[in-house]
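A.B. asks: This structure is in structure tokens; I'll ask about it shortly.
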Amino acid sequence: MRAKNVAFDITYIDLQDKPDWFLGISPHGKVPVLKVDDEILFESNAIAEYLDETVAPPLHPEDPIARARNRAWTDYAPSFADALSSVTYAKTRADMEAAQPAARKALVRLDAALGDGPYFNGPSISLVDAAYAPFLQRFAFCDRWLRTGLLVEFAKVKAWTDMLLADPRVTGAVVADIADRFIANYRRRGFYVASLIDETAASE
Ligand SMILES: N[C@@H](CCC(=O)N[C@@H](CS)C(=O)NCC(=O)O)C(=O)O
């Protein structure tokens, strides 16, 4: 919606304490949900496609082949996210290391799909960029402490990540205290990265 300059109100949901009104409108109790007048839409891709069909500028390529490829890569985002989250959200160092080969495979695939940038399709932002940005943001955040070096191995993904994470359309999509909330969540869930964050804080 930021890429399209749509006027909207956003309400962030504490997923540990979902309000009743939210559970009343979100069919799976998950975010995101978009309310358009009296209609409720859910599922990120369905919402993104709806917005793309109704609000200019289009963020899908005009060419049907390019559009199908974009949709295919957006469909791959959850598998990509799972592969990376097994690293970032591992509970032990051993699990974190064991998860890296699968993450590397996912990164190889994505790197090969990227062109010369800066965005997935070239000069302008697309729905594929929007689909990957949150996952790249979470991985890059944890990797400050995990130091897997995985992103550095993949120059195109690295450049794409750096560019997206500096983009106000991406940074503006999260709450201002997201870093503190991420860290509190890692501690609560006992992720290995939380111990590294605590060690770093103790040594400062
Ligand atoms: N396929 C859905 C997934 C949505 C999803 O998993 N949302 C997570 C946060 S990223 C959520 O709301 N989790 C809360 C829960 O499952 O209780 C989409 O893309 O919209």
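A.B. asks: Quick check on P78: is it modelled with pLDDT of 95 or more and either away from the ligand (no atom under 13 Å from the Cβ) or over 30 Å from F154 (Cα atoms) (or both)?
C.D. replies: Considered against the rule, which asks whether it is modelled with pLDDT of 95 or more and either away from the ligand (no atom under 13 Å from the Cβ) or over 30 Å from F154 (Cα atoms) (or both), P78 comes out as no.
A.B. asks: Also: Condition (residue is over 30 Å from K18 (Cα atoms), assigned to a helix (DSSP H, G or I) and of a type in the set (A, V, I, L, M)) applied to the stretch 40-61: is it met by at least one residue?
C.D. replies: No: zero hits.
A.B. asks: To continue, here is another question. What's the number of the condition G29 fails, among (1) open to solvent by 80 Å² or more (accessible area, probe 1.4 Å); (2) part of a loop (DSSP other than H, G, I, E, B)?
C.D. replies: (1)
A.B. asks: Now, a different point. State whether the residues of the stretch 145-161 include one that is surrounded by fewer than 19 Cβ atoms within 10 Å (Cβ to Cβ) and under 28 Å from A46 (Cβ atoms).
C.D. replies: no
A.B. asks: Of a type in the set (F, W, Y), within 16 Å of the ligand (Cβ to nearest atom), surrounded by 14 or more Cβ atoms within 10 Å (Cβ to Cβ) and under 18 Å from the mean Cα position of the chain (by Cα): which single residue out of Y12, Y89, Y50 fits that description?
C.D. replies: The conditions single out Y89.
A.B. asks: Which one of D38, D75, D20, D116 is without any contact (Cβ under 8 Å) to a residue 40 or more places away in the chain, surrounded by 11 or more Cβ atoms within 10 Å (Cβ to Cβ) and acidic (D, E)?
C.D. replies: Testing whether each residue is without any contact (Cβ under 8 Å) to a residue 40 or more places away in the chain, surrounded by 11 or more Cβ atoms within 10 Å (Cβ to Cβ) and acidic (D, E) leaves just D75.
A.B. asks: Just name the residue that is nearest to P123 (Cα to Cα) out of those in the stretch 24-35 that are free of Cβ contacts under 8 Å to residues at least 12 places away in the same chain and more than 10 Å from the ligand (Cβ to nearest atom).
C.D. replies: It comes out as K35.
The values are calculated or read from the model by the stated rules, or taken from the named source; none is laboratory data. It should be emphasised that the depicted structure is a prediction, and the values quoted were computed from it without experimental measurement. Here the Cβ is made from the backbone with ideal geometry for all residues, glycine too, and neighbour counts use every protein chain on show. Keep in mind that these areas ignore ligands, DNA and RNA; they rest on the heavy atoms of the full protein, side chains included. Shrake-Rupley method; radii C 1.70, N 1.55, O 1.52, S 1.80 Å.
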